[in-house]
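What follows is one structure encoded as structure tokens, with my remarks underneath.
The values are calculated or read from the model by the stated rules, or taken from the named source; none is laboratory data. Please read all numbers here as calculations on a predicted model, not as lab measurements. All Cβ positions, glycine included, derive from the backbone under ideal geometry; neighbour counts span all protein chains shown.
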Amino acid sequence: MKKKLVSVLLTAAMGASLLVGCGSDAAQTAQDTAEAVQETATEVAETATEVAEAVQEAAGDVDPAAYNGKEVKVWVAENVVDFTNEQIENFKTAYPQYAGVNFTVEPVGEGDAAGNIITDVTAGADVFGFAQDQLTRLVTAGALEEVNPDYLSAVETANSAGVVEAGKVGGTLYAYPMTADNGYFLYYDKSVVTDPSTLEGIVEQCEAAGKNFYMDMTGWYQVAFFFGTGCQLTYDTDDQGNFTGCNVDYASDKGLVALKEMIELASSSAYQAGSSAGDAVNYAAIIDGTWDADTVKSVLGDNYACAKLPTFTGSDGNTYQMSGFNGCKLLGVKPQEDEDKLQICDDLAYYLTNEEVQLARFNAVGWGPSNLNAQASDAVKANEALSALADQFAFTIPQGNYPGDYWSRAESLAGDVKDAFQKASDEDLTAALEAYQADLESYAK
Amino acid sequence: MANTNTGSMKRKRAVGNFFGYVLLILISLIWLFPYFGLLMASFRSFDASIEYGGVVDYIIPHTFSLDNYKFLFNGQTNYVRWYANTLIISIFVSLFNTCIVLCVSYALSRMRFAGRTFLMRFWLVLGMFPGFLTMICLYFLLKQMGLTQAGAIPGLILVSVASSGMGYYVCKGYFDTIPKALDEAARIDGASRARVFFQMIIPMAKPIIIYTALVAFMGPWCDYVFASYIAFGHDASYNVAVAMQRWMVVGDYQGYFTRFCAGGIVVAVPVTILFMFLQKYYVEGVTGGAVKG
Amino acid sequence: MANTKGGQKKKNAIADFFSMLGKDLKEIGVTFKEGDFKTKISFLIFGFGSLLRGLWLRGLTLLAAECGLLYFIFSFGWSYFSKIGSLGTIATTKQGRKTVYGDNSFLILLFGLLTLFAVIAFIAIWRINVRVNRNEELIIKNGRKLPSNKDDFKSLFDSNFDKTLLALPVAGVFVFTVLPIVFMICVAFTNYDANHQPPSNLFTWVGIENFKNLFSFGTAGFGGTFVTVLIWTLVWAFFATFIDYFLGIAVAMLINKKGIKFKKLWRTILVMTIAVPQFVSLLYVSKLFANDGLINGYLLKWGIIDQAIQFWVNPTLAKITIIVVNIWIGIPYMMLIATGLLMNIPEDLYESARIDGATPWQMFVNITMPYMLFVTGPFLLTQYTGNLNNFNVIFLLTQGQPKTGNLVGGAGRTDLLITWLYKMTINDTNYRMAAVIGIMVFVVTAGISLVVYNLLPSVKDEEGFQ
């Protein structure tokens, strides 16, 4: 619990620091925090470089011939394949002993990567990117090796605390944090939506203009409502990635307010399900993540704008700020039967997630870094979408580990919101929430 | 009296034909509409400065461009490779499947041996098990032989050919209609079974050979489930269906809609043309198969 | 009456089997007792007798088969087969940072079964080997001439041509169809799922626990969901088959109508849906009907509706839309078949009906339909079972959506058993339940086929119609 508190505070601090960068008139305190964060970050980075050098020296003793001809396969999302190839070239220069290693990079989307690796660990990539929600599934299937102890402290100190926490199962860090931008916020069309601060206002303006408002209500997005009204949903895990406990209070008045707000939103003629800008049509507002920034920008053009999620007025008359998850993308290393190869994979994963590469990745494809120094850089701070996300992160909770069944069950709830719940009475909804909660609890044994 | 009668009949028929044409035109419009939409979308640019490449709410693009087609062939993706893969799979599957089906059909239609009816019934029952059930098992079998990932293309061909014997039905039905007296006459003249098969039956079975080959050829263009399983993340082993399905379904590919449409058109046109040329044989095959049941 | 008959038949079959087995054993005994030393040694070394009798072609073939199978069984198969009872016990461990994988339950089961098949093949070849020796001895004893190697070889293209033709296809089906099916049936009795995923974890036999789960109707049980999905699967297949059937015939008749020109053009337009790969056309159509798709977009723009029609969101509407889209897929196919068949109906039937003053509708009901139904009965049955397992249409259009909290296991309202099974294997890696569902799909398909097939008027009895 303490760790969680720390991570919330740190995320808030980070959010504040980014706020400063985007030029809005933030409070002085925020700036102070930002500076403090930056200082610690610099220190952290220094120790990290030292560690890396030490490791490199140690590795230098090994005969490079031991690495020659080894095959290392890397799976990353399509849009970073070229980038990753370039970085691997740099990696070979930085670690000359790996000059004889054959690296291959394949475009396998994050969802597919996890699914494939779970199906056949031995044929999967040695180093692969994945989103945080897949972590426990991968650990349970034995598809992730623990982070190299040599790098452990460097990784933990260099990245934001919430992100490091997100890579852990039962206290063990299983993957190298790569981004800290897995969250969602509001993109909107300035010419249609004049005030993005309330949900009702946005929906009304969209309706009036005959434009669409997009928001997904599946597991990852619906918590914006539930957490917003003060509900909680977290799972406890043990070392093997088994779920041992579930903390949930959806079957409550707060939960009912959240559910009714979802139903009300879904009943609007402007509402469309989905949070993927590439599939969205004729929209004036969409709740989406930073990865779609370019797509939205190309559609909205000069009217492109971003903001934190709006507030909504619940059925009980109170005003709530929409919440959500903040998560990250991680780079995992598969368990290896060959120690030398494991060393290569560890070094590669560490290299691909260090400050410079994170920053370069941000510049190339706009992925928000998890490295504290990279986060503090001017370029990152100046990014509109990342600033909006940082604002939103002040209201979100770090995404912990959730069982696969949760996502599937939550999708079912989303299906009901759009259809069966539209004409349901309060009693029906309460019963549905109780059933929902019972199912969520049943996933922890 | 008779005259006026035929006159009214004619008028009736003319009216009937008129409605018939209206209905047919309507049906044609409905049937062609999706292809029209697909074609139009494929000419919409994905360059953000010109027009948006994702899903939009109008059919006719504001500006026509060939960007999507250029994208497919300029090496930004492996599209040409995927296309070639599919073509290779299709050609080999079509060739081998046809041979196997002909062999099986001849044996089952013309020869009587112990276990013949058992074999036919057994295969019929096997066909009732859903194919997905066996995917993971086939994957590991092929993996053991090194025919997954980089070797996925021969692997896919092997699996398709290996189980093609069970699809003897239509072809055997056709062989059954060729009079047995012909074989017997030849056998009395001293021809062996093999000679009868190669020199008499096969030349007479041209329509069914074309039908079998055509159906086998068209299959791999649609196979995205099993093919993606076997390719297992190895981009160069994808077929067009696996690779392009990602453009529509996987979130990494934002705004790929028009590129999907263009890719779809490039896939559909040759297959459709081939189909149109061989339509006669296809009709013969399905009709024969349906009646035989 | 029919039942007792069937029962008797079955009993007879079992009795036949045992008497055959008895005869077989006796023959083997006689072969050994009466055989010379060549034959006796052949019981261990396959083809030995044939080789010494100068028939090296069959001798070597038998010997090669024995050596090959034994080599496979002992060098590869046995290590798996010996563990099939427990499906492995050695867990995966760590040595330093290195991972040392233990037993792989999946491969033990898979290759264990393959080895079992090899053992069965070994016994079968042994039996053939014994019979070959017996035949050779009998021929010699009766003073006839043994066939030469050349005769043996030639027979492969004449009297034994069936073996030549079928060897590869049958072997292929065994390895790539039978083995995987047997494997998955076995998986239905194990706990192979996301928590027991080789090679890191072991899975093991659990008896009929998974079947109990399928038929448990509590909140977490699969029972309710299974029944719901099954009913929709049956209903879908019914509509998909019969609507397409009747409309297809209607369209065929329209095109065939006297006086309609450009028959080939109309047919060609329709047939495009068969030629264009479905993953292209259906994915496009699914976007077409989306809430924010073209159809809704234009209807809204023209002011015909003021709120999007929830084609894929409302479960009932989604089901109707799927069936309607399937008409688009199914009519051309049926139209092609009907076109061919309609021409076969004797024209004089219509002539005499016309003389009797029958209306076109009466002719359709009394002549066309009975003929079509009679001729295409079995085809309709295969269409129906095909639609039960129509993966493409459902998966490409809705992926089983919309989902609801009332269904477990990730099933949606438009999921068929087959798409549900697919989701379980791909998304949840819940192979144990997927295997159970797969077996259920088989039971349903086979059951319906069996019942309906027996109800159909015999196909061979074509006189029945005239």
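Of note:
- Scanning the stretch C:255-268 for residues that are within 8 Å of another protein chain (Cβ to nearest Cβ) and more than 23 Å from B:Phe36 (Cβ to Cβ) turns up C:Lys257, C:Lys258, C:Gly259, C:Ile260.
- Number of residues in the stretch B:95-118 that are in contact (Cβ under 8 Å) with a residue 12 or more places away in the chain, surrounded by fewer than 20 Cβ atoms within 10 Å (Cβ to Cβ) and within 18 Å of B:Ala216 (Cα to Cα): the value is 2.
- Among (1) away from chain A (no Cβ under 14 Å); (2) free of Cβ contacts under 8 Å to residues at least 40 places away in the same chain; (3) surrounded by 14 or more Cβ atoms within 10 Å (Cβ to Cβ), the one test that B:Tyr58 misses: (1)
- Scanning the stretch C:240-254 for residues that are surrounded by fewer than 19 Cβ atoms within 10 Å (Cβ to Cβ) and away from every other protein chain (no Cβ under 13 Å) yields a total of 3.
- Only one of A:Cys246, A:Cys231 that is more than 14 Å from chain B (Cβ to nearest Cβ) and in a loop (DSSP other than H, G, I, E, B): A:Cys231
Condition check ((1) within 25 Å of C:Phe391 (Cα to Cα); (2) more than 9 Å from chain C (Cβ to nearest Cβ)) across all residues:
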position: B:Gly131; (1), (2): yes, no
position: B:Thr134; (1), (2): yes, no
position: B:Leu138; (1), (2): yes, no
position: B:Lys143; (1), (2): no, yes
position: B:Val170; (1), (2): yes, yes
position: B:Tyr174; (1), (2): no, yes
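- Matching entry among C:Lys83, C:Lys94, C:Lys154 (being among the basic types (Lys, Arg), within 14 Å of another protein chain (Cβ to nearest Cβ), more than 30 Å from B:Ser192 (Cα to Cα) and out of contact with any Cys (no Cβ under 8 Å at 6 or more places or on another chain)): C:Lys94
- Of all residues in the stretch C:234-268, those satisfying the criterion of being among the aromatic types (Phe, Trp, Tyr), more than 26 Å from the chain's Cα centre (by Cα) and assigned to a helix (DSSP H, G or I) are C:Phe246, C:Trp266.
- Matching residues, the stretch C:85-109, being within 27 Å of C:Phe189 (Cα to Cα) and either of a type in the set (Asp, Glu) or in a loop (DSSP other than H, G, I, E, B) (or both): C:Gly85, C:Ser86, C:Leu87, C:Gly88, C:Thr89, C:Ile90, C:Ala91, C:Thr92, C:Tyr101, C:Gly102, C:Asp103, C:Asn104
- Those residues of the stretch A:327-352 which are buried (at least 24 other Cβ atoms within 10 Å of the Cβ) and of a type in the set (Lys, Arg), in sequence order: A:Lys329
- Checking A:Asn318 against (1) in contact with a strand residue (DSSP E or B) (Cβ under 9 Å, 6 or more places away or on another chain); (2) more than 23 Å from A:Pro398 (Cβ to Cβ), the condition it does not meet: (1)
- Candidates are the residues of the stretch C:332-364 that are within 40 Å of the chain's Cα centre (by Cα) and among the β-branched types (Val, Ile, Thr); the one that is farthest from C:Thr398 (Cα to Cα) is C:Ile345.
- Enumeration of residues in the stretch C:297-309 that are part of a loop (DSSP other than H, G, I, E, B), within 9 Å of another protein chain (Cβ to nearest Cβ) and out of contact with any helix residue (DSSP H, G or I) (no Cβ under 6 Å at 6 or more places or on another chain): C:Asp306, C:Gln307
- Here the condition is being over 30 Å from C:Asn326 (Cβ atoms), out of contact with any His (no Cβ under 8 Å at 6 or more places or on another chain), crowded, with 18+ Cβ neighbours inside 10 Å and small (Gly, Ala, Ser); of C:Ala188, C:Ala171, C:Ala237, it holds for C:Ala188 alone.
- Long-range neighbours under 8 Å by Cβ, at least six apart or interchain, first residue closer than 16 Å to A:Ser315 by Cα within the stretch A:220-239, second surrounded by fewer than 16 Cβ atoms within 10 Å (Cβ to Cβ): A:Cys231/A:Asp249
- Considering the stretch A:300-396, the qualifying strands (runs of 3 or more DSSP E), each wholly inside and each with 3 or more residues that are within 22 Å of the chain's Cα centre (by Cα), run over A:304-307, A:325-333.
- Which numbered condition C:Asn133 fails, given (1) in contact with a helix residue (DSSP H, G or I) (Cβ under 9 Å, 6 or more places away or on another chain); (2) closer than 26 Å to B:Leu138 by Cα: (2)
- For the stretch A:165-181, the tally of residues that are touching a residue at least 40 places away in the same chain (Cβ under 8 Å) and surrounded by fewer than 23 Cβ atoms within 10 Å (Cβ to Cβ) stands at 5.
- All positions within the stretch C:269-296 that are at the interface with another protein chain (Cβ under 7 Å from one of its Cβ atoms), more than 31 Å from the chain's Cα centre (by Cα) and assigned to a helix (DSSP H, G or I): C:Ile269, C:Lys287, C:Leu288, C:Leu294
- Candidates C:Leu380, C:Leu336, C:Leu396, filtered to the one that is surrounded by fewer than 22 Cβ atoms within 10 Å (Cβ to Cβ), part of a helix (DSSP H, G or I) and either modelled with pLDDT under 85 or within 11 Å of another protein chain (Cβ to nearest Cβ) (or both): C:Leu380
- Of the criteria (1) surrounded by fewer than 21 Cβ atoms within 10 Å (Cβ to Cβ); (2) more than 28 Å from C:Lys263 (Cα to Cα); (3) within 13 Å of the chain's Cα centre (by Cα), which one B:Ala236 fails: (3)
- Only one of C:Ile329, C:Ile322 that is under 28 Å from the mean Cα position of the chain (by Cα), more than 10 Å from every other protein chain (Cβ to nearest Cβ) and either among the basic types (Lys, Arg) or more than 27 Å from C:Lys257 (Cα to Cα) (or both): C:Ile322
- Summed over the stretch A:167-181, residues that are farther than 18 Å from A:Trp75 by Cβ and within 9 Å of the chain's Cα centre (by Cα) total 2.
- Going through (1) more than 22 Å from the chain's Cα centre (by Cα); (2) at pLDDT below 90; (3) not charged (D, E, K, R) one by one, A:Phe213 falls short only on (2).
- If you go through the stretch C:199-220 and keep only what is farther than 30 Å from A:Pro335 by Cα and not β-branched (Val, Ile, Thr), you end up with C:Gly207, C:Glu209, C:Asn210, C:Phe211, C:Lys212, C:Asn213, C:Leu214, C:Phe215, C:Ser216, C:Phe217, C:Gly218, C:Ala220.
- Test: residue in the stretch B:257-273 that is within 13 Å of chain C (Cβ to nearest Cβ), under 12 Å from the mean Cα position of the chain (by Cα) and over 25 Å from B:Gly53 (Cα atoms): yes
- So A:Ala293, is it among the hydrophobic types (A, V, I, L, M, F, W, C), not in a loop (DSSP other than H, G, I, E, B) and not assigned by TED's automatic domain parsing to the domain that holds A:Thr122: yes
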